[in-house]
Amino acid sequence: MSFKTLDPQDFLVSADSITAPCWTDYNPELTAMYTSSTQAAGTSGPYFLNIYNIDPGANPSTAEIQFNIAYGNKFGSGSLAYNPVYSYLSPSRTVYGQWRNLIYGDENTDFTFGDISPSQQDFYAITLDRTRYKQSLFLGSLNLTLFSGSSTRVLTDNSAVTTTISYCDAGRVFQIVSGSSGTPYSGTGYTATSGSYGLFLPDVGTIILNASALGLSFANGGIALNTIRTSDTNANNPARLYSTGSGRIGLTTGSYTSSFFLNSQETITSDFVFCRARNAEFNYTENPSFISGSTGAVLYDLFVNNPTTYITTVGMYNDQNELLAVAKLSKPLKKDFTKEALIRVKLDF
(Lines give C-alpha, C1' and ligand atoms only; values in the text may rest on other atoms or scores of the structure.)
Protein backbone atom coordinates (compact mmCIF):
# COMPACT_ATOMS: atom_id res chain seq x y z
CA MET A 1 0.00 0.00 0.00
CA SER A 2 1.30 3.41 -0.97
CA PHE A 3 0.07 6.88 -0.06
CA LYS A 4 0.11 10.19 -1.88
CA THR A 5 -1.19 13.58 -0.81
CA LEU A 6 -3.65 15.08 -3.30
CA ASP A 7 -3.27 18.65 -4.52
CA PRO A 8 -6.17 21.17 -4.82
CA GLN A 9 -6.05 20.90 -8.62
CA ASP A 10 -6.80 17.19 -8.33
CA PHE A 11 -10.40 17.94 -7.29
CA LEU A 12 -13.29 19.00 -9.53
CA VAL A 13 -16.97 19.52 -8.67
CA SER A 14 -19.57 18.92 -11.42
CA ALA A 15 -23.38 19.10 -11.51
CA ASP A 16 -25.44 17.09 -14.02
CA SER A 17 -29.16 17.43 -14.61
CA ILE A 18 -31.07 14.19 -15.16
CA THR A 19 -34.65 14.08 -16.44
CA ALA A 20 -37.08 11.17 -16.40
CA PRO A 21 -40.83 10.58 -16.85
CA CYS A 22 -42.85 10.95 -13.67
CA TRP A 23 -45.18 8.02 -14.07
CA THR A 24 -44.81 4.40 -13.01
CA ASP A 25 -42.46 2.28 -15.15
CA TYR A 26 -41.08 5.51 -16.63
CA ASN A 27 -44.06 6.01 -18.89
CA PRO A 28 -43.86 9.45 -20.53
CA GLU A 29 -47.65 9.73 -20.85
CA LEU A 30 -50.35 8.86 -18.34
CA THR A 31 -53.68 8.01 -19.99
CA ALA A 32 -55.25 5.24 -17.92
CA MET A 33 -56.31 6.70 -14.55
CA TYR A 34 -58.32 5.07 -11.79
CA THR A 35 -59.65 5.92 -8.36
CA SER A 36 -60.24 3.85 -5.25
CA SER A 37 -63.85 3.64 -4.12
CA THR A 38 -62.61 2.78 -0.62
CA GLN A 39 -60.49 5.91 -0.37
CA ALA A 40 -63.17 8.11 -1.93
CA ALA A 41 -65.76 6.94 0.59
CA GLY A 42 -63.36 7.18 3.55
CA THR A 43 -62.54 10.05 5.85
CA SER A 44 -60.08 11.55 3.35
CA GLY A 45 -62.61 11.54 0.49
CA PRO A 46 -63.91 15.09 1.11
CA TYR A 47 -60.32 16.37 1.09
CA PHE A 48 -58.68 14.72 -1.87
CA LEU A 49 -58.91 11.89 -4.38
CA ASN A 50 -56.01 9.55 -5.16
CA ILE A 51 -55.40 8.70 -8.82
CA TYR A 52 -53.82 5.33 -9.70
CA ASN A 53 -52.17 3.97 -12.84
CA ILE A 54 -54.26 0.76 -12.74
CA ASP A 55 -57.49 -0.24 -11.02
CA PRO A 56 -56.70 -0.57 -7.29
CA GLY A 57 -59.83 -2.65 -6.74
CA ALA A 58 -58.73 -5.35 -9.17
CA ASN A 59 -54.99 -4.95 -8.54
CA PRO A 60 -54.54 -3.81 -4.91
CA SER A 61 -50.92 -4.98 -4.65
CA THR A 62 -49.61 -3.46 -7.87
CA ALA A 63 -51.65 -0.27 -8.28
CA GLU A 64 -49.58 2.81 -7.49
CA ILE A 65 -50.71 6.34 -6.70
CA GLN A 66 -49.63 8.78 -9.42
CA PHE A 67 -51.11 11.99 -8.04
CA ASN A 68 -54.08 13.25 -6.08
CA ILE A 69 -56.71 15.91 -6.64
CA ALA A 70 -57.87 18.26 -3.91
CA TYR A 71 -60.40 21.08 -4.01
CA GLY A 72 -59.94 24.32 -2.06
CA ASN A 73 -62.45 27.12 -1.54
CA LYS A 74 -61.82 30.32 0.39
CA PHE A 75 -65.36 30.39 1.79
CA GLY A 76 -65.64 26.67 2.54
CA SER A 77 -68.16 26.01 -0.23
CA GLY A 78 -68.37 22.74 -2.07
CA SER A 79 -68.02 20.47 0.97
CA LEU A 80 -69.92 19.74 4.17
CA ALA A 81 -69.01 21.70 7.29
CA TYR A 82 -67.25 19.97 10.15
CA ASN A 83 -69.88 21.38 12.49
CA PRO A 84 -73.28 22.70 11.26
CA VAL A 85 -72.95 25.60 13.68
CA TYR A 86 -69.95 26.85 11.72
CA SER A 87 -71.04 26.37 8.13
CA TYR A 88 -67.96 28.08 6.69
CA LEU A 89 -65.49 25.64 8.28
CA SER A 90 -65.20 22.71 5.91
CA PRO A 91 -62.59 20.52 4.17
CA SER A 92 -62.51 22.79 1.12
CA ARG A 93 -61.63 25.78 3.29
CA THR A 94 -58.96 23.75 5.08
CA VAL A 95 -57.39 22.78 1.76
CA TYR A 96 -57.48 26.40 0.62
CA GLY A 97 -55.79 27.60 3.81
CA GLN A 98 -53.11 24.92 3.74
CA TRP A 99 -52.04 25.74 0.20
CA ARG A 100 -52.26 29.47 0.84
CA ASN A 101 -49.85 29.13 3.76
CA LEU A 102 -47.53 26.87 1.81
CA ILE A 103 -47.38 29.12 -1.26
CA TYR A 104 -47.70 32.61 0.19
CA GLY A 105 -46.82 32.08 3.84
CA ASP A 106 -49.65 34.45 4.77
CA GLU A 107 -53.16 33.48 5.82
CA ASN A 108 -54.54 36.82 4.67
CA THR A 109 -53.32 36.62 1.07
CA ASP A 110 -55.69 35.51 -1.69
CA PHE A 111 -54.62 33.49 -4.71
CA THR A 112 -53.71 35.48 -7.79
CA PHE A 113 -53.64 33.82 -11.19
CA GLY A 114 -51.79 35.83 -13.82
CA ASP A 115 -52.10 39.07 -11.86
CA ILE A 116 -55.91 38.82 -11.90
CA SER A 117 -57.83 37.91 -8.75
CA PRO A 118 -61.08 36.10 -9.61
CA SER A 119 -64.13 37.05 -7.55
CA GLN A 120 -64.58 33.38 -6.59
CA GLN A 121 -61.41 32.22 -4.87
CA ASP A 122 -61.14 28.45 -5.39
CA PHE A 123 -58.91 25.98 -7.13
CA TYR A 124 -58.11 22.35 -7.84
CA ALA A 125 -54.72 21.14 -6.63
CA ILE A 126 -53.05 18.30 -8.54
CA THR A 127 -50.20 17.05 -6.37
CA LEU A 128 -47.85 14.35 -7.57
CA ASP A 129 -47.12 11.48 -5.23
CA ARG A 130 -43.67 12.04 -3.71
CA THR A 131 -42.30 8.83 -5.24
CA ARG A 132 -43.03 10.14 -8.74
CA TYR A 133 -40.18 12.66 -8.71
CA LYS A 134 -36.89 13.05 -6.86
CA GLN A 135 -36.11 16.75 -6.82
CA SER A 136 -38.49 18.81 -8.93
CA LEU A 137 -40.66 18.82 -12.04
CA PHE A 138 -39.00 19.53 -15.37
CA LEU A 139 -39.95 22.92 -16.78
CA GLY A 140 -41.82 22.86 -20.07
CA SER A 141 -42.69 19.16 -19.82
CA LEU A 142 -46.27 19.68 -18.64
CA ASN A 143 -48.92 18.86 -21.24
CA LEU A 144 -52.28 18.18 -19.63
CA THR A 145 -55.38 17.69 -21.77
CA LEU A 146 -58.78 18.34 -20.18
CA PHE A 147 -62.13 17.50 -21.72
CA SER A 148 -65.68 18.75 -21.40
CA GLY A 149 -68.03 17.15 -23.88
CA SER A 150 -66.43 17.70 -27.26
CA SER A 151 -64.35 20.65 -26.03
CA THR A 152 -60.68 20.20 -25.19
CA ARG A 153 -58.05 22.32 -23.57
CA VAL A 154 -54.31 21.58 -23.43
CA LEU A 155 -52.58 23.21 -20.49
CA THR A 156 -48.89 23.78 -19.93
CA ASP A 157 -46.59 26.01 -17.89
CA ASN A 158 -45.24 29.21 -19.41
CA SER A 159 -41.61 28.57 -18.47
CA ALA A 160 -40.39 28.76 -22.09
CA VAL A 161 -41.53 32.38 -22.44
CA THR A 162 -40.78 33.55 -18.89
CA THR A 163 -37.77 35.87 -18.78
CA THR A 164 -37.83 36.56 -15.03
CA ILE A 165 -38.54 33.67 -12.67
CA SER A 166 -40.90 34.40 -9.78
CA TYR A 167 -40.53 32.78 -6.38
CA CYS A 168 -42.90 32.07 -3.52
CA ASP A 169 -42.62 30.20 -0.22
CA ALA A 170 -42.94 26.95 -2.20
CA GLY A 171 -40.05 27.80 -4.53
CA ARG A 172 -40.32 28.72 -8.19
CA VAL A 173 -43.76 29.54 -9.57
CA PHE A 174 -44.96 29.69 -13.19
CA GLN A 175 -48.37 30.30 -14.73
CA ILE A 176 -50.51 27.56 -16.25
CA VAL A 177 -51.59 28.63 -19.72
CA SER A 178 -53.35 27.30 -22.81
CA GLY A 179 -50.48 25.88 -24.83
CA SER A 180 -47.99 23.05 -24.98
CA SER A 181 -44.42 22.29 -23.92
CA GLY A 182 -43.97 25.52 -21.97
CA THR A 183 -45.23 27.86 -24.70
CA PRO A 184 -48.70 29.51 -25.00
CA TYR A 185 -50.65 28.95 -28.20
CA SER A 186 -51.25 32.69 -28.57
CA GLY A 187 -50.59 35.78 -26.50
CA THR A 188 -50.19 35.07 -22.80
CA GLY A 189 -52.40 31.98 -22.91
CA TYR A 190 -54.61 33.43 -20.16
CA THR A 191 -58.38 33.64 -20.04
CA ALA A 192 -59.93 37.05 -20.70
CA THR A 193 -61.27 37.76 -17.19
CA SER A 194 -59.91 35.14 -14.78
CA GLY A 195 -56.23 35.32 -15.53
CA SER A 196 -54.14 32.23 -16.04
CA TYR A 197 -55.35 28.65 -15.70
CA GLY A 198 -53.38 28.23 -12.50
CA LEU A 199 -49.93 27.95 -10.96
CA PHE A 200 -47.13 25.50 -11.73
CA LEU A 201 -44.99 24.79 -8.66
CA PRO A 202 -42.15 22.52 -9.85
CA ASP A 203 -40.24 22.43 -6.56
CA VAL A 204 -43.15 20.91 -4.62
CA GLY A 205 -44.59 18.81 -7.46
CA THR A 206 -47.93 20.62 -7.58
CA ILE A 207 -50.26 22.09 -10.21
CA ILE A 208 -52.87 24.57 -8.94
CA LEU A 209 -55.75 24.88 -11.43
CA ASN A 210 -57.84 28.04 -11.39
CA ALA A 211 -61.43 26.77 -11.12
CA SER A 212 -62.84 30.07 -12.34
CA ALA A 213 -60.72 29.97 -15.50
CA LEU A 214 -61.73 26.36 -16.16
CA GLY A 215 -65.39 27.27 -15.76
CA LEU A 216 -65.09 30.06 -18.32
CA SER A 217 -62.98 27.99 -20.68
CA PHE A 218 -65.52 25.19 -20.76
CA ALA A 219 -68.62 27.34 -20.43
CA ASN A 220 -69.87 26.03 -23.76
CA GLY A 221 -68.81 22.48 -23.03
CA GLY A 222 -71.76 21.55 -20.88
CA ILE A 223 -70.66 21.66 -17.22
CA ALA A 224 -71.45 24.69 -15.10
CA LEU A 225 -68.65 24.79 -12.54
CA ASN A 226 -70.04 27.88 -10.82
CA THR A 227 -73.12 26.04 -9.54
CA ILE A 228 -70.95 23.22 -8.23
CA ARG A 229 -68.43 25.37 -6.47
CA THR A 230 -70.86 27.57 -4.60
CA SER A 231 -72.79 24.64 -3.12
CA ASP A 232 -72.57 24.24 0.68
CA THR A 233 -73.25 20.53 0.42
CA ASN A 234 -70.73 17.79 -0.28
CA ALA A 235 -70.38 18.34 -4.03
CA ASN A 236 -67.53 15.83 -4.29
CA ASN A 237 -65.50 18.39 -6.22
CA PRO A 238 -62.25 16.37 -6.49
CA ALA A 239 -64.20 13.71 -8.42
CA ARG A 240 -65.71 16.36 -10.69
CA LEU A 241 -62.30 17.16 -12.11
CA TYR A 242 -61.68 13.44 -12.49
CA SER A 243 -64.34 11.82 -14.70
CA THR A 244 -65.11 8.61 -12.84
CA GLY A 245 -67.50 7.37 -15.52
CA SER A 246 -64.93 7.40 -18.31
CA GLY A 247 -61.84 6.51 -16.31
CA ARG A 248 -60.14 9.63 -17.61
CA ILE A 249 -59.20 12.97 -16.18
CA GLY A 250 -61.42 15.74 -17.49
CA LEU A 251 -64.46 17.84 -16.70
CA THR A 252 -67.23 15.49 -17.75
CA THR A 253 -67.70 11.81 -18.44
CA GLY A 254 -67.26 10.58 -21.97
CA SER A 255 -65.22 8.39 -24.24
CA TYR A 256 -62.38 10.85 -24.80
CA THR A 257 -58.85 9.78 -23.99
CA SER A 258 -57.01 12.26 -21.84
CA SER A 259 -53.23 12.55 -21.71
CA PHE A 260 -50.94 13.80 -19.00
CA PHE A 261 -47.28 14.36 -19.94
CA LEU A 262 -44.90 15.36 -17.16
CA ASN A 263 -41.20 14.79 -16.49
CA SER A 264 -39.12 15.13 -13.36
CA GLN A 265 -35.66 16.63 -12.97
CA GLU A 266 -32.81 15.89 -10.61
CA THR A 267 -29.45 17.62 -10.27
CA ILE A 268 -26.71 15.22 -9.20
CA THR A 269 -23.57 16.80 -7.79
CA SER A 270 -20.41 14.79 -8.35
CA ASP A 271 -16.91 15.25 -6.96
CA PHE A 272 -14.19 14.09 -9.32
CA VAL A 273 -10.83 13.20 -7.82
CA PHE A 274 -7.92 12.71 -10.23
CA CYS A 275 -5.39 10.30 -8.79
CA ARG A 276 -2.10 10.51 -10.67
CA ALA A 277 0.60 7.85 -10.55
CA ARG A 278 3.72 9.28 -12.18
CA ASN A 279 6.39 7.10 -13.76
CA ALA A 280 8.53 6.98 -10.62
CA GLU A 281 5.64 6.32 -8.23
CA PHE A 282 3.81 3.17 -7.09
CA ASN A 283 6.23 0.79 -8.81
CA TYR A 284 7.22 -1.17 -5.71
CA THR A 285 5.09 -3.46 -3.63
CA GLU A 286 4.89 -4.03 0.11
CA ASN A 287 3.63 -7.57 -0.34
CA PRO A 288 5.64 -9.67 2.20
CA SER A 289 5.96 -12.57 -0.25
CA PHE A 290 8.50 -10.53 -2.25
CA ILE A 291 10.70 -9.68 0.76
CA SER A 292 12.91 -11.92 2.86
CA GLY A 293 11.56 -12.18 6.35
CA SER A 294 15.04 -12.53 7.87
CA THR A 295 17.11 -10.03 5.91
CA GLY A 296 14.46 -7.73 4.44
CA ALA A 297 16.02 -8.07 1.00
CA VAL A 298 14.01 -8.31 -2.21
CA LEU A 299 13.74 -11.97 -3.15
CA TYR A 300 13.51 -11.47 -6.91
CA ASP A 301 16.20 -9.54 -8.78
CA LEU A 302 13.67 -8.50 -11.42
CA PHE A 303 11.94 -6.31 -8.85
CA VAL A 304 15.16 -4.48 -8.03
CA ASN A 305 15.88 -2.83 -11.37
CA ASN A 306 12.58 -3.29 -13.22
CA PRO A 307 9.72 -3.56 -10.67
CA THR A 308 6.16 -4.07 -11.84
CA THR A 309 2.96 -3.65 -9.84
CA TYR A 310 -0.76 -3.83 -10.57
CA ILE A 311 -3.06 -1.14 -9.23
CA THR A 312 -6.45 -2.58 -8.23
CA THR A 313 -7.88 -0.21 -5.60
CA VAL A 314 -7.85 3.48 -4.75
CA GLY A 315 -8.65 4.51 -1.19
CA MET A 316 -9.51 8.03 -0.05
CA TYR A 317 -8.17 9.02 3.37
CA ASN A 318 -8.56 12.17 5.44
CA ASP A 319 -5.84 13.95 7.41
CA GLN A 320 -6.48 11.61 10.35
CA ASN A 321 -5.66 8.62 8.15
CA GLU A 322 -9.30 7.46 8.21
CA LEU A 323 -10.58 5.62 5.14
CA LEU A 324 -13.53 7.54 3.69
CA ALA A 325 -14.14 5.95 0.30
CA VAL A 326 -12.91 3.06 -1.82
CA ALA A 327 -12.84 2.85 -5.61
CA LYS A 328 -12.32 -0.48 -7.36
CA LEU A 329 -10.83 -0.62 -10.84
CA SER A 330 -12.62 -2.78 -13.40
CA LYS A 331 -9.35 -4.64 -14.03
CA PRO A 332 -5.79 -4.45 -12.60
CA LEU A 333 -3.74 -1.61 -14.03
CA LYS A 334 -0.12 -2.51 -14.85
CA LYS A 335 2.42 0.00 -13.53
CA ASP A 336 6.22 0.26 -13.96
CA PHE A 337 8.85 2.96 -14.54
CA THR A 338 7.83 3.30 -18.19
CA LYS A 339 4.16 4.03 -17.49
CA GLU A 340 2.09 6.73 -15.85
CA ALA A 341 -1.51 6.33 -14.74
CA LEU A 342 -4.39 8.75 -14.26
CA ILE A 343 -7.38 7.34 -12.40
CA ARG A 344 -10.54 9.44 -12.21
CA VAL A 345 -12.66 8.72 -9.14
CA LYS A 346 -16.27 9.93 -9.17
CA LEU A 347 -18.13 10.54 -5.90
CA ASP A 348 -21.89 11.16 -6.23
CA PHE A 349 -23.95 12.88 -3.55
For a quick check, take a GNM of the chain with Cα springs below 10 Å and name the residue from 81, 41, 297 with the largest mean-square fluctuation. 297
In a shell of Cβ-Cβ distance under 12 Å around residue 143, excluding residue 143 itself, what net charge do Lys and Arg (+1) and Asp and Glu (-1) give? -1
With n ≥ 4 as the cut-off for DSSP H runs, can you work out [θ] at 222 nm for the chain, using -39500 (n - 2.57) per run divided by the number of residues, rounded to the nearest 500? -3000 deg cm²/dmol
Relative to the Cα centre, what is the charge dipole magnitude of the chain, using +1 at the beta carbon of each Lys and Arg, -1 at the beta carbon of each Asp and Glu, and rounding to the nearest 20 debye? 560
For region 34-182, just list the percent of Cα-Cα distances falling in each 10 Å bin from zero outward, please. 10, 31, 38, 19, 2
Size-normalised alpha-carbon gyration radius of region 102-190, reference 2.2 N^0.38 Å: 1.17
Relative contact order of the chain: what whole-number percent is it, with Cα pairs under 8 angstrom and at least 6 residues apart? 19
Let me know the longest stretch in the chain that avoids all trypsin sites (Lys or Arg not before Pro) found in a DSSP loop with at most 16 other C-beta atoms within 10 Å. 135-277
Mean projection of the alpha-carbon convex hull of the chain over all orientations, in nm²? 26.8
Net charge of neighbours whose Cβ lies under 13 Å from the Cβ of residue 200, counting Lys and Arg as +1 and Asp and Glu as -1: -1
Please arrange 203, 115 by accessible surface area, largest first, computed with a 1.4 Å probe and ligands excluded. 115, 203
Project the alpha carbons of region 142-211 onto their principal axes and report the range along each, largest first, in whole Å. 37, 23, 22
Of 64, 266, 322, which has the most accessible area and how do the rest follow, probe 1.4 Å? 322, 64, 266
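The values are calculated or read from the model by the stated rules, or taken from the named source; none is laboratory data. These numbers were taken from a predicted model, which means no experiment stands behind them. FYI the Cβ positions are ideal-geometry reconstructions off the backbone, even for glycines, and counts take in every protein chain you see. Accessible surface areas use protein heavy atoms only, side chains included; no ligands, DNA or RNA. Shrake-Rupley method; radii C 1.70, N 1.55, O 1.52, S 1.80 Å.
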